[in-house]
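First the structure, in the form of structure tokens, and then the observations on it.
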Amino acid sequence: MKIRPQRLTIGDTVGVVALAGPLAMDRLPEKLALLESLGLKVRIGETVGLTGKYLAGSDEERLNDLHKMIQDPEVKAIFCLKGGYGAARIVDRIDYQALTENPKIFWGFSDVTYLHTAFQEYSNLVTFHGPMLSSGGANELSELSIRMFQQLFTPFEIQYDDNLTPLQTVVGGSARGELTGGNLNRLVSTLGTKFEFDAKDKIVLLEDIGESLENIDSMVNQLRLARKLEEAAGFVIGNFSNINDGSLEEVWTLFEEYLKPLGKPAVAGFMIGHCEPNIAIPLGVEAILEADLKILRILPGVE
């Protein structure tokens, strides 16, 4: 059983960090307005505003920023400002024991997938796959995306079905297990490392952006060869946006080719990933996937 962080209350202080790519400072106020509109006080990390070609400051600066937020007793949650690339460069130097001893909400997606899997494995912590602050401020995120932040204040079970957004059964059946996963590219990049993601008996979320069908096929095949597909209990196929040479339907057909012979339940069409709305969900909690009914039920992520 993973550690669920404590829920937020109005007036709590939360930290904002840039653990991957940089964000132009002139765009920062509108991004922070979202957290402030939720009644939260914002502590800006030292990495916010640091610039580089594709990294927000040095590895040391990003690592230190994360550690300060983890160790600060006033900070109740850590929100990642932007994705891109960079999380994997610091993952082997993080103080996981400190996070286990100071469990707090950790929120982000895309490149942050690398940290989600590491935090679940080495800190035994439930984390949250949700929109980066750079994805949009309070005026840019949809009402549904913003509403999903409420799960941090009030523990509730998420039921994602056809009524929320159109879904499609890729492979029928039902599965139960801990929910894990995230960005397909980043999950594949964990293979063969100490931080290789654990798929055994789990429901695996997969999403990505800007890939070709050939690359998606190659990455899913890599999961097959690494036996991740056969180990998993089921699959939640999130959003695959900006596909270079194909359609979503072709991506779903690709997953069917790989998963049907294994009898792995899978449902596609979840607006989870590089999309709007981007439905935030906890990772590391128990979930039930009823593929024929096109229903995903997820237990609360906070205490």
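The values are calculated or read from the model by the stated rules, or taken from the named source; none is laboratory data. Everything quoted here is computed from the prediction, not taken from an experiment. All Cβ positions, glycine included, derive from the backbone under ideal geometry; neighbour counts span all protein chains shown.
The number of residues in the stretch 1-17 that are closer than 23 Å to residue 180 by Cα and touching an Asp or Glu at 6+ places or on another chain (Cβ under 8 Å) comes to 6. Of the residues that make up the stretch 59-78, is at least one of a type in the set (A, V, I, L, M, F, W, C), within 16 Å of residue 134 (Cα to Cα) and either crowded, with 16+ Cβ neighbours inside 10 Å or outside the structural domain of residue 129 (by TED's automatic domain parsing) (or both)? Taking every residue of the stretch 59-78 in turn, at least one turns out to be of a type in the set (A, V, I, L, M, F, W, C), within 16 Å of residue 134 (Cα to Cα) and either crowded, with 16+ Cβ neighbours inside 10 Å or outside the structural domain of residue 129 (by TED's automatic domain parsing) (or both). Residue-level analysis places residue 238 outside the set of residues that are in contact with a Ser or Thr (Cβ under 7 Å, 6 or more places away or on another chain), within 22 Å of residue 177 (Cα to Cα) and not hydrophobic (A, V, I, L, M, F, W, C). Of the residues screened, residue 264 is not one that is assigned by TED's automatic domain parsing to the domain that holds residue 164, basic (Lys, Arg), at pLDDT 95 or above and more than 23 Å from the chain's Cα centre (by Cα).
Restricted to the stretch 16-64, and to residues that are basic (Lys, Arg) and under 24 Å from residue 114 (Cα atoms), which residue is farthest from the chain's Cα centre (by Cα)?
Looking at residues that are basic (Lys, Arg) and under 24 Å from residue 114 (Cα atoms), I get 53.
Before we move on, is residue 201 outside any helix (DSSP H, G or I), over 18 Å from the mean Cα position of the chain (by Cα) and either modelled with pLDDT of 95 or more or outside the structural domain of residue 130 (by TED's automatic domain parsing) (or both)? When the stated conditions are applied, residue 201 passes them.
For the stretch 270-296, a residue qualifies if it is small (Gly, Ala, Ser) and either without any contact (Cβ under 8 Å) to a residue 40 or more places away in the chain or in contact with a Lys or Arg (Cβ under 6 Å, 6 or more places away or on another chain) (or both), and exactly one does: 284. The set of residues in the stretch 188-234 that are of a type in the set (Asp, Glu), surrounded by 20 or more Cβ atoms within 10 Å (Cβ to Cβ) and either in contact (Cβ under 8 Å) with a residue 60 or more places away in the chain or over 16 Å from residue 111 (Cα atoms) (or both) comprises 207, 208. Within the stretch 6-16, is even one residue assigned to a helix (DSSP H, G or I) and in contact (Cβ under 8 Å) with a residue 12 or more places away in the chain? Looking through the stretch 6-16, none of the residues is assigned to a helix (DSSP H, G or I) and in contact (Cβ under 8 Å) with a residue 12 or more places away in the chain. Whether any residue in the stretch 242-253 is among the hydrophobic types (A, V, I, L, M, F, W, C), crowded, with 17+ Cβ neighbours inside 10 Å, more than 19 Å from residue 293 (Cβ to Cβ) and modelled with pLDDT of 95 or more is what I want to check. Checked against the condition, which is being among the hydrophobic types (A, V, I, L, M, F, W, C), crowded, with 17+ Cβ neighbours inside 10 Å, more than 19 Å from residue 293 (Cβ to Cβ) and modelled with pLDDT of 95 or more, the stretch 242-253 yields at least one hit.
Only residues that are under 10 Å from residue 96 (Cα atoms) and of a type in the set (Phe, Trp, Tyr) were counted in the stretch 108-131, giving 2.
For the stretch 254-269, a residue qualifies if it is assigned to a loop (DSSP other than H, G, I, E, B) and either without any contact (Cβ under 8 Å) to a residue 40 or more places away in the chain or touching a Pro at 6+ places or on another chain (Cβ under 8 Å) (or both), and exactly one does: 269.
Does residue 185 satisfy the condition of being at pLDDT below 95 and either surrounded by fewer than 16 Cβ atoms within 10 Å (Cβ to Cβ) or in contact with a strand residue (DSSP E or B) (Cβ under 8 Å, 6 or more places away or on another chain) (or both)?
Working: at pLDDT below 95: no; either surrounded by fewer than 16 Cβ atoms within 10 Å (Cβ to Cβ) or in contact with a strand residue (DSSP E or B) (Cβ under 8 Å, 6 or more places away or on another chain) (or both): yes.
Against the criterion (at pLDDT below 95 and either surrounded by fewer than 16 Cβ atoms within 10 Å (Cβ to Cβ) or in contact with a strand residue (DSSP E or B) (Cβ under 8 Å, 6 or more places away or on another chain) (or both)), residue 185 does not qualify.
Scanning the stretch 75-86 turns up at least one residue that is out of contact with any Asp or Glu (no Cβ under 9 Å at 6 or more places or on another chain), closer than 15 Å to residue 23 by Cβ and either of a type in the set (D, E, K, R) or modelled with pLDDT of 95 or more (or both). A count restricted to the stretch 285-303 and to residues that are outside any loop (DSSP other than H, G, I, E, B) and under 14 Å from residue 129 (Cα atoms) stands at 1.
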